[in-house]
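In what follows, a structure is listed as structure tokens, so that the remarks can point back to it.
The values are calculated or read from the model by the stated rules, or taken from the named source; none is laboratory data. No experiment lies behind these values; they were computed from the predicted model shown. Here Cβ is always computed from backbone atoms with ideal geometry, including for glycine, and neighbour counts include all displayed protein chains. Accessible surface areas use protein heavy atoms only, side chains included; no ligands, DNA or RNA. Shrake-Rupley method; radii C 1.70, N 1.55, O 1.52, S 1.80 Å.
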2 protein chains.
Amino acid sequence: MKLIESKNIEEIIEACARPSISNEQIKPIIEEVFKEIANKGDEAVLKYTHFFDKVDLNQLEMERSVVEELAAQTSVELQEAIKVAAKNIERFHASQQINSTKIETAPGVFCWQESRGIERVGIYIPGGTAPLFSTVLMLAIPAKIAGCKEIILCTPPDKNGNINPAIAFAASITGVNRVFRVGGAQAIAAMTYGTESVPKVYKIFGPGNQFVTAAKVKAQEYGVAIDMPAGPSELMVVADDSCVPAFVAADLLSQAEHGTDSQVICVLNNAELYEPILTEVKAQLADLPRKDIAEKALENSRFIITEDRLSTIEIINEYAPEHLIICTEYNNELIMNIENAGSVFVGNYTPESAGDYASGTNHTLPTAGFAKAYSGVNLDAFTKKITFQEISKNGIQELGPTIEKMAEAELLQAHKNAVTLRLK
Amino acid sequence: MKLIESKNIEEIIEACARPSISNEQIKPIIEEVFKEIANKGDEAVLKYTHFFDKVDLNQLEMERSVVEELAAQTSVELQEAIKVAAKNIERFHASQQINSTKIETAPGVFCWQESRGIERVGIYIPGGTAPLFSTVLMLAIPAKIAGCKEIILCTPPDKNGNINPAIAFAASITGVNRVFRVGGAQAIAAMTYGTESVPKVYKIFGPGNQFVTAAKVKAQEYGVAIDMPAGPSELMVVADDSCVPAFVAADLLSQAEHGTDSQVICVLNNAELYEPILTEVKAQLADLPRKDIAEKALENSRFIITEDRLSTIEIINEYAPEHLIICTEYNNELIMNIENAGSVFVGNYTPESAGDYASGTNHTLPTAGFAKAYSGVNLDAFTKKITFQEISKNGIQELGPTIEKMAEAELLQAHKNAVTLRLK
């Protein structure tokens, strides 16, 4: 982890540039996958599954009973842990429900919004070494609360055509309606167009490698919404003398182990904290099973020593971290001034892992500075708000002339007529 | 307007297919505009302004005093109308503010969300024949309520380098911070990269022709958020014997006059309503200044006679209209069952024009069936929600083992360590 000595905010932000990724080479591959699946449906999906997942399936959907059988293979302890996490996630996301209020904006003019769950949503869960069953909870639970009617899940099969038991368990307790054994860009394309087996969905959620991300971006061209274009994960820790160096080091490593392209930034008000934290990082790193990954990620990572609280706040908001841990004596001041961040963890006893798994907040968050414009996944992400309005006969008499005047000025006579006729 | 006789919902929806638009030809043009503005900044913007708007500007930004001078040219009556509309729009969007509630998801585990306005937003207002000053209200008012710190507006200049006075007036009363005389794809590219004059923004809002829309889609590749990819406008009217044929006809025409690619769909429960409505459409059409446009749009438009309420509901939700007017004896039943629509107008005295201008609801809405996954622009569109969590020392003792178990099962040891260390 490089120590950045500059006090110039622009230079600091430049030194914290995220590892850049280019999707240019994979675009043509994605184009081809989409084209083939548009034309050949399941046949093409099965071909790609044979190619990438080394398995020949006779059907893409996994029967409910098979999902349940697999789910039962999850250890009782893990089942219990998943249930605790699910309950907290449900509580927090249920608290995000809002009631529509009908407003009388002008006499006789009533306006309101109503939330509706997006009818059909698709959840993508990657396979690979780390089975991300926690992401099933993070996506299926709010979908259910939002009232999404059909929740489908795609995840790549192993060589035996099975999926990870913990993923099956998480799917079975969260109300996922259908499970498909499809991974990669082919899963995203299948949910975009719909195939004989896989239904077309209106919105696709979930993480994935750069093929999956590029495919999600492509899906948007066909009118399918996506949660967000997710990039490599990142964490900023802001600490002062009130922090515990061993905790800070552990948090930095918990992010660094995600992938070689992860980035962690440690912002300190006091140069004397640098050494003890770095020492802890090195000590803890030694025993990690994913040591090589974390080590590589630490190369992209930075220590920053700030001059004062104001510059700390500026660095946070300019970097716009996906995850932000604050362990300082002025946490409340920071909270009030944080403009751009995905999820914020306050105090010495709030590790990022808590939010990754079980505290109740969502772990699908804006990376790469997207926190400047995007929220993380929350209940809103699974709903649309429809506007309604009802105007009384007297209401239109009163408001009508305003509308007529404006329509006329925009040279839209028929817009005006629609009012004029009602005023007669 | 063609009458669709089928009772098969799939066939009906197929008959209501939106006029398709291909962006393939304009993609390379957009690429070039973006590339040139990325490299040459203002110089390239001025070049395109010379080319498209036939004016040589010495500066892109319009001084505050000049905006005010132009604004003052707006007639007093129109100023008053704009103010009435602005007040209603402000009331409705202010009512969408929500207070964050802190939830204790588990003992000692506190989670909450806080809304923050997106710091820098860009509003694009097209020029052309119809000066869309109403869109300034629809975008700048919620931006202000949301707490966006910098609201910039881009709109193409006329041949004298001026902008429309009503647009200037709307900008000046709504708190737009800076006005730039730039139109088309060059405006979107300038707001995407930032130039010497035009600041880079985090989210771009506003309508435009297909060049502007394609440029907004392109902007997303650079991490800039957009309100939505807007297509041609559309309206569905659902009416039964309780409707007034002349009102229905006026509403259909008010949408049809927008553009030749607009579409209006009239869903009736009773075939006998068809003739009187069509007669009214023809009669009212004759006097419209934008008759040619409306006539062309009516070619894409359809009458549908439905069998029953259920199929009416199904047609609404499958078509997912941007605007939906319901004039029936069972409006409440419809409201409860509408899943997919942008904005709904209830009853005989609620023309779409009301929502276009002055009732308070937003008129930037999802077209082309996007209402299946997207909301229209509302206060949310200008905010991000940041998640916060704070766990007490006792809280992590209780929740910790759950996190440890899950992290271990996902093979993420450092995630587990961050908790284990805190439990000691």
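From the phi of every residue in the stretch A:317-333, what ³J(HN,Hα) in whole Hz does the Karplus formula 6.51 cos²θ - 1.76 cosθ + 1.60 yield, where θ is phi - 60° and glycine or proline is x?
Along the stretch A:317-333, the couplings run 6, 6, 6, 6, x, 4, 10, 9, 9, 10, 10, 9, 7, 10, 4, 5, 4 Hz.
Out of the total accessible area of chain A (probe 1.4 Å, heavy atoms of protein only), what percent is carbon and sulfur?
49
Hey, how much of the P(r) for the stretch B:23-226 falls beyond 21 Å, as a percent of Cα pairs? The partial results should precede the final answer.
On the way: 11198 of 20706 pairs.
Distances greater than 21 Å cover 54 percent of the Cα pairs.
Viscosity 1.306 mPa s, temperature 10 °C: give me the Stokes-Einstein translational D for the stretch A:101-206 in µm²/s, with Rh taken as the Kirkwood radius over C-alpha pairs.
Diffusion coefficient, whole number: 106 µm²/s.
Considering every pair of different Cα atoms, what Kirkwood radius, in Å, is found for the stretch B:232-375?
Values: mean 1/r = 0.0670 Å⁻¹.
Across the stretch B:232-375, the inverse of the average 1/r is 14.9 Å.
Mind grabbing the interface size between A and B? I mean buried accessible area, both sides, 1.4 Å probe, in Å² to the nearest hundred.
10100
Tabulate in residue order the Karplus-calculated ³J(HN,Hα) for the stretch A:302-310, using 6.51 cos²θ - 1.76 cosθ + 1.60 with θ = phi - 60°, rounded to whole Hz; enter x for Gly and Pro.
My calculation for the stretch A:302-310 gives 9, 9, 10, 9, 9, 7, 7, 5, 4 Hz in order.
Taking a point 7 Å out from Cα toward Cβ as the label site, list the nm distances between B:Glu408 and the same residue in every other copy, smallest first.
Nearest first, the other copies' label points are 7.7 nm away.
Tell me whether the stretch A:376-424 comes out rounded, prolate or oblate; compute the Cα gyration tensor, take square roots of the eigenvalues as a ≥ b ≥ c, and use a/c under 1.5 as the rounded threshold.
Working: a/c = 4.00, a/b = 2.18, b/c = 1.84.
Prolate.
Take the alpha carbon atoms of the stretch B:329-424, find their radius of gyration, then divide it by 2.2 N^0.38 Å using N residues; give the quotient.
Normalised Rg, Cα atoms only: 1.95.
Which of the pairs B:Lys203/B:Lys384; B:Lys35/B:Lys144; A:Lys102/A:Lys393; A:Lys216/B:Lys218; A:Lys35/B:Lys27 have their Cα atoms more than 21 Å apart in this structure?
B:Lys35/B:Lys144
Kindly provide the helix-only [θ] at 222 nm of chain A, computed as the sum of -39,500 (n - 2.57) over DSSP H runs of four or more divided by all residues, to the nearest 500 deg cm²/dmol?
-13500 deg cm²/dmol
Could you pull the accessible area for A:Phe52 with a 1.4 Å probe, rounded to 10 Å²?
120
Which whole-number percent gives the relative contact order of the stretch A:23-226, counting Cα pairs below 8 Å spaced six or more residues apart?
Working: 352 pairs, mean separation 58.4, N = 204.
29 percent.
Give, to the nearest whole percent, the P(r) tail of chain A beyond 28 angstrom, counting all Cα pairs. Before the final figure, lay out the partial values.
Details: 50662 of 89676 pairs.
Taking all Cα-Cα pairs of chain A, the fraction more than 28 Å apart is 56 percent.
So for the stretch A:287-424, averaging the separation of alpha carbon pairs under 8 Å that are six or more residues apart and normalising by length, what relative contact order in percent results?
Working: 120 pairs, mean separation 22.8, N = 138.
About 17 percent, as a whole number.
Would you kindly give the portion of the calculated P(r) for the stretch A:46-131 that falls above 21 Å, as a percent of all Cα pairs?
63
For chain B, modelled as a GNM with alpha-carbon contacts under 10 angstrom, which of B:Leu365, B:Leu57, B:Leu252 fluctuates the most?
With Cα springs under 10 Å in chain B, the top fluctuation among B:Leu365, B:Leu57, B:Leu252 is at B:Leu57.
For the protein assembly as shown, build the charge dipole from Cβ charges (+1 Lys, Arg; -1 Asp, Glu) around the Cα centre, then report which of B:Ser343, B:Ile152, A:Ile315 sits farthest towards its positive end.
Result: B:Ser343.
Please report the net charge: other residues with Cβ closer than 9 Å to the Cβ of A:Ile9, K and R +1, D and E -1.
-3
Give me P(r) over the protein assembly as shown, computed from all C-alpha to C-alpha distances, binned every 20 Å, as integer percentages.
15, 46, 33, 6, 0
Just A:Pro276, A:Pro165, A:Pro321 to compare: in a GNM of chain A, with alpha carbon springs under 10 Å, which one fluctuates most?
Result: A:Pro276 has the largest fluctuation of those listed.
Take every Cα pair under 8 Å in the stretch A:200-313 that's 6+ residues apart, average their separations, divide by the length, and report that relative contact order as a whole percent. Before the final figure, lay out the partial values.
Numbers: 169 pairs, mean separation 27.9, N = 114.
Averaging sequence separation for qualifying contacts and normalising by length gives 25 percent for the stretch A:200-313.
Using amide H atoms built in the peptide plane, which far-off residues or other-chain residues are under 5 Å from B:Asn269 H to H?
Distant-sequence amide H within range of B:Asn269: B:Ala239, B:Thr306.
Across peptide B:360-366, how many C-beta atoms of other chains are within 10 Å of each residue C-beta, on average?
4
Among A:Gln413, A:Gln59, A:Gln263, determine the one that fluctuates most according to a GNM of chain A built with springs between C-alpha atoms less than 10 Å apart.
A:Gln413
Treat every Asp and Glu Cβ in the stretch A:232-375 as -1 and every Lys and Arg Cβ as +1, leave all other atoms uncharged, and give the resulting dipole magnitude about the Cα centre to the nearest 20 debye. Working shown, then result.
Values: 7 positive and 23 negative charges, 72 e Å.
Magnitude of the dipole: close to 340 debye.
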